[in-house]
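*Asks:* Please see the structure below; I have some questions.
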Amino acid sequence: MAGLAAAASAATVASFQFQPSLSGSRFTPVAAPVASFRTRACGLRCWISAKLKIRKALKMHGWQLQRNLDVRRNDKLPDHLEAALLTENRTHRNMHHAYDSGGEMASASSDLLDGSTVSKNSMQQGPNPSEIRSPVRNEESAMSNGHYDGEPSLCIAVIGATGELARNKVFPALFALYYSGFLPRNVGIFGYSRKKITDEDLRAIIEANLTCRVDHHFTAVNKLYQAKKNACECSENCDDKLNEFLKRTYYIDAGHDNKDGMSRLNSRMAQIEGTRAANRIFYLAVPQEALLDVALPLADGAQTKQGWNRIIIEKPFGFTGLSSHRVTQSLLSRFEEKQIYRIDHLLGKDLIENLTVLRFSNLVFEPLWSRTYIRNVQVIFSEETATEIQGRYFGNYGIIRDIVHSHILQTIALFAMEPPVSLDGEDIRDEKVKVLRSIRKVDLEDVVLGQLKDTSGKVDRYTKSMTPTYFAAAMYIDNARWDGVPFLIKTGIGLMKNRAEIRIQFRHVPGNIYRERFGHDIDLDTNELVLRDQPEEAILLKVNNKVPGLGLQLDASELNLLYRDKYDTEVPDSYEHLLLDVLDGDSHLFMRSDELAAAWNVLTPVIHEIDQNRVAPELYEAGDKGPINAYYLAAKHGVRWDDDW
């Protein structure tokens, strides 16, 4: 048996060469000629290797590959993908032959696989309760077993389908992905709630918010005639796509028992899926109070056994660190960590993606990204609208739990993290959690709270609640890269304008021989890099230059990249971006459980001090710049806020 095992191992190595796939990060085994004896000897191992690496990729992206082929009107697959399919079919047949030839060798290979799989999972995550309690297989094993006809089906269920979030954001984002070809043709969209409505009622509810991008490609004046012609064609295509999408949208009445409701959802999905491989996404657009009431019956009664299952959870992620921990433990008792996607739509902005792209793909910035050259970092997020005050803000959640805990801390983590091993989601999340664990305890003296004055006539509302709608603070990261660099954060609602940006102020030039040319304000000679999402997407770099003319007068100017001038394209909504990431299994913009706990460890002490000392927030008017104390806080740490509020 030892000699046979060695021969099988050698045959496996010799039989496969790995070539990069289209994605650049996955590898596809390409079959080479194999002797009959070796094929029979390692049939099961060859099948396992091919299945785990090929079928997973094809099941995840098969419809996208088919869409690209349809666009090119070319029925021929790329060489390496065609070879991969041939390999899969060949090893599929060899697997049956191996089972028919005798059981000892197949059992040994199967035992080897089981042992290596268990060992690998134990090393990475340790014992997982879901492996014992949940009957649903993980993604890898689900893809590596069974025979299915055609491409895998995809079902997406929106739990809380009649709510405002689902109507205004989730369904429009799903339709935008369907219209753009990012969802498979056989997708099924399911709405789930307790309202007594029909399929047609749900379609009528969501149709008003579904729009197509048919006009942003045709804005040039010199192409006006062609634009009108193409716009008409796109409009017809939009109507067709809209009708197709609505026909594939169904409604499930949850009733009064989610256990029965999830069973009905599962049955309806199974009807759409048929006998093919099936993947499912569940978007839980429900309040935190109802999360477990929905998630636990879903885990027990609505997951597929023929593919992967992923659930999306909306913020805020708990009211306290303790309540968040309890919810996390309950979820992990039924789901695996990689199935859970905690979504924050603010992290789906291009500003966030540009953080890592700008730093790691440009040599001019990476060497400067440390305490040696950066004097301070400002993370600013403000909204002029105040529509959510009655719900999340005066409802005791407040801006700390809603915005700071997720969006602000995740932005800081992505900005300050060390270079990850790869762009894999887990590698990036490993680095983010290190940053969160390194953030120094926030001193209450370095915090400014504000609350928007109520203009509805109910004067006593804000006097009874001290929930803040504005938060400013100075934070420090105690590690070798960022020691001593203040991270100033400022966020609020009901302010002067919508604004989302990161400002990086660099240190002064040592011994600057032009210092006297800037006058008395030495801050004018500070270089500054600004990454802006609102009011206009832009990347700005502030540099010093000579003013044209006689004499030597210096000025600070901005080198700017305005997206609207550079790119003639519409920026997709952040929900589209994040939903596509979930579909692709890209988790780097979603908080892992250890990140969630680390973020609560940063904020829980200061929240406790605020509640214990009953710190009253400073009131500010709608459309104002916010509390004046924020400017004193910045001055205390040697920072000057940008005045363009």
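The values are calculated or read from the model by the stated rules, or taken from the named source; none is laboratory data. These figures come from a predicted structure and were not determined experimentally. Quick reminder, even Gly has a Cβ in these numbers, built from the backbone with ideal geometry, and neighbours come from all protein chains shown. Calculation scope for accessible area: heavy atoms of the full protein, side chains included, ligands and nucleic acids excluded. Shrake-Rupley method; radii C 1.70, N 1.55, O 1.52, S 1.80 Å.
*Asks:* Take the residue pairs Lys497/Lys625; Lys349/Lys432; Lys315/Lys338; Lys315/Lys625 and return only those whose Cα atoms are more than 20 Å apart.
*Replies:* From the list (Lys497/Lys625; Lys349/Lys432; Lys315/Lys338; Lys315/Lys625), the Cα-Cα distance tops 20 Å for Lys315/Lys625.
*Asks:* For region 608-618, just list the computed ³J(HN,Hα) in residue order, Karplus coefficients 6.51, -1.76 and 1.60, θ = phi - 60°, integers in Hz, with x standing in for Gly and Pro.
*Replies:* Couplings: 4, 5, 4, 5, 5, 8, 6, 5, 7, x, 7 Hz.
*Asks:* Please work out the Cα convex hull volume for region 272-325 and give it in Å³ per residue. Before the final figure, lay out the partial values.
*Replies:* Numbers: hull volume 4.8 nm³, N = 54.
Spread over its residues, the Cα hull of region 272-325 gives 88 Å³ apiece.
*Asks:* Let me ask something else about it. Would you mind working out the accessible area per residue for region 346-637, using a 1.4 Å probe, and quoting it in Å²?
*Replies:* The answer is 45 Å² per residue.
*Asks:* With each label point set 7 Å from Cα along the Cα-Cβ vector, what nm distance links Val543 and Asp565?
*Replies:* Taking the two extended label points, one gets 1.5 nm.
*Asks:* DSSP loop (so not H, G, I, E, B), at most 12 other Cβ within 10 Å: list which trypsin sites (Lys or Arg not before Pro) in region 282-365 pass both filters.
*Replies:* Lys305
*Asks:* Could you give the distance between the Cα centres of region 536-553 and region 291-350, to the whole Å?
*Replies:* That distance is 49 Å.
*Asks:* Give me the distance between the Cα centres of region 403-451 and region 468-497, rounded to whole Å.
*Replies:* Distance between centres, Cα-based: 11 Å.
*Asks:* Place +1 on the Cβ of every Lys and Arg and -1 on the Cβ of every Asp and Glu in region 346-637, take the dipole about the Cα centre, and give the residue among Ile428, Leu554, Leu444 whose Cα lies farthest towards its positive end.
*Replies:* Checked the options; the winner is Leu444.
*Asks:* Continuing with the same structure: Taking all protein chains in place and a 1.4 Å probe, what share, in percent, of the accessible surface of region 346-637 do carbon and sulfur account for?
*Replies:* Values: 6750 of 13030 Å².
Of the solvent-accessible surface of region 346-637, carbon and sulfur hold 52 percent.
*Asks:* Placing +1 at every Lys and Arg Cβ and -1 at every Asp and Glu Cβ, with all other atoms neutral, what dipole size does region 535-612 have around its Cα centre, in debye to the nearest 20?
*Replies:* Taking the Cα centre of region 535-612 as origin, the dipole is about 560 debye.
*Asks:* What number does region 346-637 give for Rg over Rh if you use C-alpha atoms and the Kirkwood radius? Walk me through the intermediate numbers first.
*Replies:* Values: Rg = 20.1 Å, Rh = 20.6 Å.
Computed over Cα atoms, the ratio is 0.98.
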